[in-house]
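Everything on this sheet refers to the single structure shown next.
Any read-out appearing in this document is the output of simple, stated calculations on the displayed coordinates, not a laboratory observation. Worth saying up front: this structure is predicted, and the values here are computed from it rather than measured. Here the Cβ positions follow ideal geometry from the backbone for every residue, glycine too, while neighbour counts run over all protein chains shown.
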Amino acid sequence: MSTAISAIQSSLLRVPGAQLYYEVQGTGPVLLMIPGGPTDAGIFSAVAKFLADRFTVVRYDPRGNSRSVFDGPPVEQDMDVHGDDAARLLEALGSEPALALGSSGGAQIGLNLAVRHARRVKTLVAHEPPCMALLPDAKEQFAFNEDVYNTYLSEGVKAAMTKFMAGAGIGGPPTDRKEPPSPEAEEAFGRVQGNIDYFLAHGLRPIGFYEPDVAALRAGPVRIVVGIGENSAGSLPFRCALALAERLGLEPAKFPGGHGGYNENPASFAEKLHQVFSAA
């Protein structure tokens, strides 16, 4: 895959109650990238460079994060609203069904999109969605989520995020990525830090408690691929992904790296993603 520089065009889309910030680069079939949790379009900047020679890569900030601001005060996140937002964005980009990658909470959004707006999506790669409701120990995981939320209320952001990362098993050791982060990645990191308060207050519980409609996914026209990180074994998102794959009767696809493999080894992650889409 080529890393030739591709111009990035940024735009805003008006949606009910908010605006969506999104970026488009490359040529070819539309590939929508949906970030999760407190992250935004910037987390996919590295991997997008390896895909823009064969896809029209569309990255966006989910409403409430970074540049996708509400018309009024922040409100509780809703997967149906997020799914509608993604569908409206795809509608604005064209009429053909798109390819989609959702990561973490973004995978939860993607699963909602695939059920409720199936004509907008051809293939969805749901990479480690935290669908805790599908786990055999769902009650314990729900209690963990509530404990993180209550820690946020009583002790603040730092204590809550420390507990969340440790309990979910996604802190991990340093990655094997050799090159230093780009200026765009550094800027994105700063924005993400500004989103964490909103995530803990209004996103942690609705994202984690959302249960994908497995029956509709099995019966629907969208090809679903459940992604797991090669280095994620034992983490909460990894276990959730395995549970979803089992319910769907699918063999999960292994991607390089861990929960954030698209940043740890973007070239290899992009190659695997291209292989998965080509297999359709």
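A compact table of results
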read-out: Ranked list, fewest to most other Cβ atoms within 10 Å of each Cβ, for Glu23, Glu91; value: Glu91, Glu23
read-out: Gained length - Glu184 relative to Lys139, 0.36 nm times residue gap less alpha-carbon distance; value: 12.3 nm
read-out: Anchor Lys272: aspartates and glutamates whose Cα lies under 13 Å away (excluding residues fewer than 8 positions away in-chain); value: Glu230
read-out: Charge tally in the Cβ shell below 15 Å around Arg63, where Lys, Arg are +1 and Asp, Glu are -1, Arg63 excluded; value: -3
read-out: Most fluctuating residue given options Ala92, Ala241, Ala160, as computed from a GNM of the chain linking Cα atoms under 10 Å; value: Ala92
read-out: Percent antiparallel among DSSP beta bridges (both partners in the range 9-278, rounded to 5); value: 35
read-out: Simple spin-label estimate for Glu91 and Arg218 in nanometres, 7 Å along Cα-Cβ; value: 3.1
read-out: Fewest-first ranking of His259, His127, using other Cβ atoms within 10 Å as the exposure measure; value: His259, His127
read-out: CD proxy at 222 nm, helix term only [per DSSP H run n ≥ 4: -39500 (n - 2.57); per residue of the chain; nearest 500]; value: -13000 deg cm²/dmol
read-out: Relative exposure of Ser268, Ser103, judged by other C-beta atoms within 10 Å (fewest first); value: Ser268, Ser103
read-out: Mean Cα-pair separation over length for the range 1-116, i.e. relative contact order, pairs under 8 Å, 6 or more apart, %; value: 30
read-out: Relative contact order of the chain, pairs being alpha-carbon contacts under 8 Å that are 6 or more residues apart, as %; value: 22
read-out: Rounded if a/c under 1.5, otherwise prolate or oblate - the range 9-278, Cα gyration tensor axes; value: rounded
